[in-house]
Amino acid sequence: MRELTYVAKRTVEWREAPDPKLQFDREAIVAPVAATPCDVDSSILAGHGFIDPPFALGHECVARVVETGDAVTAVTPGDLVVVPWSINCGTCDRCRAGLTAHCTTVPYMAMYGAPIGGSWGGLFSDLVRVPYADAMLVPLPTGLAPVAMASASDNWSLAWRLVAPHLKARPGAQVLVVARGSIGLYVCDIARALGASTVLYVDPEPEHRELARTFGATTAETLEPIPQGFDIAVEATGRIDQLALAVKCLTPEGICESAGNHFRPGELPLLDMYLTGVTLRIARDNVRSHIPDALALAASGKVAPERVVSHVIDWEDLPTALPEKHLKPVFVRTDD
């Protein structure tokens, strides 16, 4: 089989690898049918990551189950499934508590798409081994298209977690979204669907702002002058200066969720945050815990994640098309 391999800045290529085999009876082999880059993949491709190439890329996809071990009961060959980005067993204390990104059964930070916590390959591969099929794989609900939900492995479900629980606790909250990619647009869609009274989307890209307006958001190019009075802020830029501005926009006891990968150092206005009583969370997502709820919202018809898909591209074109600066391209297998 082939796996798409990051080899240098803005350069990926197909490399041959052995076909994955079932090693235990709880495993499955899947074939991605619709895969898409996570927002952080754009940073990796731009050369901003902290892991030296080469390594297999990809950690967002809908896949078709090809083979299952004898102990697998949740899925069968032929099923369409969402494959979460992090490797998790489902049975350790942390997994049972919903902390699936911190599973103690596998090496720390085990994941697809980067050789952290072991080498698990990437989801831009012809075949992928899933070590804990019942714990990890989530069947795609009938009626949801793989292209629309290719990002449910991470960005779509992450966006649900960034805003949905907070809106449940604070109905009608005012939401600020400071973003550069798909996560922020998904948040706009979800926030309006779940009753936010105001959604302000801040992004320098005019095309992104135009799309955010279709989700009912008001938009701005920058955060200056700094708007005030937001109950919830979501930062997904990876820039400390933008995170610092976002927390200054919060009302007292406001909440800021940071989904940016901050590869560069910077400073936060800690005294201002102390005086305002800001709650700040910066974290990788325990995505497996949120995928079912995020899929249920997608299936409700109240949201339109397919609008964020900027391009649908043939699987064979991955090496040439992935390094392009598309918002949210989805690569599809035409042989499926």
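For segment 74-87, check the following and say yes or no: at least one residue is small (Gly, Ala, Ser), in a loop (DSSP other than H, G, I, E, B), over 25 Å from residue 331 (Cα atoms) and without any contact (Cβ under 8 Å) to a residue 24 or more places away in the chain. If you could, list the steps in order and put the result at the bottom.
The first filter runs over segment 74-87 and keeps only residues small (Gly, Ala, Ser), leaving 74, 78, 86.
Now restrict to residues that are in a loop (DSSP other than H, G, I, E, B): 74, 78.
Filter again for over 25 Å from residue 331 (Cα atoms), leaving 74.
Now drop any that are not without any contact (Cβ under 8 Å) to a residue 24 or more places away in the chain, which leaves none.
Taking every residue of segment 74-87 in turn, none turns out to be small (Gly, Ala, Ser), in a loop (DSSP other than H, G, I, E, B), over 25 Å from residue 331 (Cα atoms) and without any contact (Cβ under 8 Å) to a residue 24 or more places away in the chain.
Closer than 30 Å to residue 83 by Cα and of a type in the set (D, E, K, R): which single residue out of 241, 272, 293, 231 fits that description?
293 is the lone residue from the list that is closer than 30 Å to residue 83 by Cα and of a type in the set (D, E, K, R).
Could you check segment 100-132 and list, in sequence order, the residues that are hydroxyl-bearing (Ser, Thr, Tyr) and more than 19 Å from residue 57 (Cβ to Cβ)? Outline the logic, then answer.
So in segment 100-132, the residues hydroxyl-bearing (Ser, Thr, Tyr) come out as 100, 104-105, 108, 112, 119, 125, 132.
Within segment 100-132, 100, 104, 105, 108, 132 meet the criteria.
With the condition kept exactly as written, say whether any residue in segment 18-38 is within 22 Å of residue 179 (Cα to Cα) and among the hydroxyl-bearing types (Ser, Thr, Tyr).
Within segment 18-38 (the criterion being within 22 Å of residue 179 (Cα to Cα) and among the hydroxyl-bearing types (Ser, Thr, Tyr)), the answer is yes, since at least one residue qualifies.
Could you figure out which of (1) among the polar types (S, T, N, Q); (2) outside the structural domain of residue 196 (by TED's automatic domain parsing); (3) surrounded by fewer than 18 Cβ atoms within 10 Å (Cβ to Cβ) isn't true of residue 289?
The single condition residue 289 does not satisfy is (3).
Does residue 106 satisfy the condition of being in a strand (DSSP E or B) and without any contact (Cβ under 8 Å) to a residue 60 or more places away in the chain?
Details: in a strand (DSSP E or B): no; without any contact (Cβ under 8 Å) to a residue 60 or more places away in the chain: yes.
Judged against the criteria, residue 106 is not a match.
Would you be able to tell me the number of residues in segment 322-333 that are crowded, with 16+ Cβ neighbours inside 10 Å and either farther than 23 Å from residue 295 by Cα or in contact with a strand residue (DSSP E or B) (Cβ under 6 Å, 6 or more places away or on another chain) (or both)? Don't jump to the end; show me each part of the working.
Going residue by residue through segment 322-333, those that are crowded, with 16+ Cβ neighbours inside 10 Å are 322-323, 326-333.
From the residues that got through so far, the ones that are either farther than 23 Å from residue 295 by Cα or in contact with a strand residue (DSSP E or B) (Cβ under 6 Å, 6 or more places away or on another chain) (or both) too are 322-323, 326, 329-333.
Of the residues in that region, 8 qualify.
Rundown of residues vs (1) closer than 21 Å to residue 28 by Cα; (2) not aliphatic (A, V, I, L, M), yes/no style:
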residue	(1), (2)
52	no, yes
55	no, yes
62	yes, no
66	yes, no
69	yes, yes
83	yes, no
88	yes, yes
103	yes, yes
107	yes, yes
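Out of everything in segment 125-149 that is touching a helix residue (DSSP H, G or I) at 6+ places or on another chain (Cβ under 6 Å) and β-branched (Val, Ile, Thr), what residue ends up being surrounded by the fewest Cβ atoms within 10 Å (Cβ to Cβ)?
138
Find the residue count for segment 10-53, including only residues that are in a loop (DSSP other than H, G, I, E, B), over 15 Å from residue 133 (Cβ atoms) and of a type outside the set (Phe, Trp, Tyr). Reasoning before the result, please.
Narrowing segment 10-53 to residues in a loop (DSSP other than H, G, I, E, B): 10, 17-27, 36-38, 46-53.
With over 15 Å from residue 133 (Cβ atoms) added as a condition, the list becomes 10, 17-19, 36-38, 46-53.
Imposing the further condition that a residue be of a type outside the set (Phe, Trp, Tyr) reduces the set to 10, 17-19, 36-38, 46-49, 51-53.
The number of residues fulfilling the criteria is 14.
Taking segment 245-260 as the search range and keeping residues that are farther than 16 Å from residue 229 by Cα and assigned to a loop (DSSP other than H, G, I, E, B), which one is nearest to the chain's Cα centre (by Cα)?
For segment 245-260, the residue satisfying everything is 259.
Where in segment 261-336 are the helices (runs of 4 or more DSSP H), entirely inside, with at least 2 residues that are under 17 Å from the mean Cα position of the chain (by Cα) and either on the phi > 0 side of the Ramachandran plot or of a type outside the set (Ser, Thr, Tyr) (or both)?
So the answer is 287-299.
Could you count how many residues in segment 96-113 are touching a His at 6+ places or on another chain (Cβ under 9 Å) and either closer than 18 Å to residue 68 by Cβ or surrounded by 24 or more Cβ atoms within 10 Å (Cβ to Cβ) (or both)?
2
Enumerate the pairs (first residue in segment 305-325 and of a type in the set (Val, Ile, Thr); second residue anywhere and in a strand (DSSP E or B)) with beta-carbon separation below 7 Å, excluding pairs fewer than 6 apart on the same chain, so at least 6 apart or on different chains.
309/330; 312/330; 312/332; 313/329; 313/331
The values are calculated or read from the model by the stated rules, or taken from the named source; none is laboratory data. Small disclaimer: the values here were computed from a predicted structure and weren't measured. Reconstructed Cβ throughout: ideal geometry from the backbone, glycine too, with neighbour counts over all protein chains shown.
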